[in-house]
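Down below is the structure, laid out as structure tokens.
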Amino acid sequence: MTFHELIQQLSGDTSRSLHAFGPELVLCGTIVAMLLLRVISWSQRAERVLLWCISWLPLVGALVALYLAAPWLHLSGNGLPGRGEIFTGLLVYDPLSVYIRAFLLFFAAIFIVFTHASGVPAREDAGDFYTLVLGATLGMC
């Protein structure tokens with residue numbers, strides 16, 4: 001096998017793997033967005049909007065990741081493969097991993113709603129708190 005053939009094979013696998021790895025990428029993007037929102041200095045009036053965004057952005061990220069996990073497609077059996085390896089065998093993509101990922105993302109979304117309703121994280125610490133929650137969810141996925 002030549003080097004060019006190896007690169008072609010890996011690039012073909014990467015495009016399929018990124019599609020299956022979409023929920024984790026959304027969680028990573030949400031974490032990065034929350035951290036960047038905290039770094040930028042804001043005016044006093046924009047500070048209230050920032051706090052609102054930081055408290056609801058994790059919920060949006062978790063729900064988008066849950067939508068991309070799409071466990072309902074495996075329930076209907078729309079010709080999805082039963083088991084496959086992604087990233088050239090680094091990870092396994094099968095219905096069990098999809099359901100566990102959906103379970104984790106659903107409960108992360110419920111956890112974010114309940115903690116926001118109860119006021120557990122202080123307004124200033126909400127960004128750090130939700131970043132840790134999303135990071136833990138990402139690690140479990």
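Each value in this text was obtained by applying a stated rule to the coordinates, not by laboratory testing. Just so we're clear, the structure is a prediction, and the values are computed from it rather than from any experiment. As a convention, Cβ positions derive from the backbone with ideal geometry for all residues, glycine included, and neighbour counts pool all protein chains shown.
Across the alpha-carbon set of the chain, the Rg to Rh ratio works out to 1.08, Rh being the Kirkwood radius. Rounded to the nearest 20, the Cβ-based charge dipole of the chain about its Cα centre (Lys and Arg +1, Asp and Glu -1) stands at 340 debye. Contact order for the chain, expressed relative to its length and based on alpha carbon pairs under 8 Å spaced 6+ residues apart, stands at 34 percent. At full extension, L90 and F103 could sit 2.5 nm farther apart than now, given 0.36 nm per residue minus the alpha carbon distance. Two tests apply to each whole DSSP H helix in the chain, Cα reach of 15 Å or more along its axis and mean Kyte-Doolittle hydropathy of at least 0.5, and the ones passing both are 22-39, 44-69, 95-118, 126-140.
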